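First the structure, in the form of structure tokens, and then the observations on it.
Values in this text are rule-based calculations from the coordinates and carry no lab data. Everything numeric in this text was worked out from a predicted model, so none of it was measured. Here the Cβ is made from the backbone with ideal geometry for all residues, glycine too, and neighbour counts use every protein chain on show.
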Amino acid sequence: MSHAQAPRRALVTGGSGDLGGAICRALAQGGYHVIVHANASLARADDVAAAIRDAGGSAQSIAFDVTDAEVTRQAIDTLLVDGAIHAVVNNAGIHQDGPLAGMSEDAWRRVI
């Protein structure tokens, strides 16, 4: 008796943005179940996941702040209940406009 193999799962942090959304769509086309991450705007991640599903792919959305270690740990633990995550694309990021030399240490740490 053969069982259908569960799809490989990929988490894309920052998947709700323009670049992240393109990465999510490419992974879905490659057969991954994509976990589309947003920092705060779950609605944007929902839209990316819905577009992937509408195109015949498999996706879900999630929102959490990757700069908060405890919140991230809880979110990952929740995701792992459904199975392994086989790929992670760490695409989340922010920018602070201004010259590097004039950046405060706090701004630098947020960007990094």
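Yes or no, residue by residue, for (1) small (G, A, S); (2) touching a residue at least 40 places away in the same chain (Cβ under 8 Å); (3) in contact with a strand residue (DSSP E or B) (Cβ under 9 Å, 6 or more places away or on another chain):
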| position | (1), (2), (3) |
| --- | --- |
| L27 | no, yes, yes |
| Y32 | no, yes, yes |
| S41 | yes, no, yes |
| D46 | no, no, yes |
| A49 | yes, no, yes |
| G56 | yes, no, no |
| A59 | yes, no, yes |
| D65 | no, no, no |
| A69 | yes, no, no |
Go through segment 44-65 and count every residue that is over 19 Å from I76 (Cα atoms) and touching a Pro at 6+ places or on another chain (Cβ under 9 Å).
-> 0
Note down all Cβ pairs under 6 Å where the first residue falls in segment 5-18 and is without any contact (Cβ under 8 Å) to a residue 12 or more places away in the chain, the second is of a type in the set (A, V, I, L, M, F, W, C), and they're at least six residues apart or on different chains.
-> none
Flag if A10 is touching a Phe, Trp or Tyr at 6+ places or on another chain (Cβ under 6 Å) and farther than 27 Å from D106 by Cβ | yes
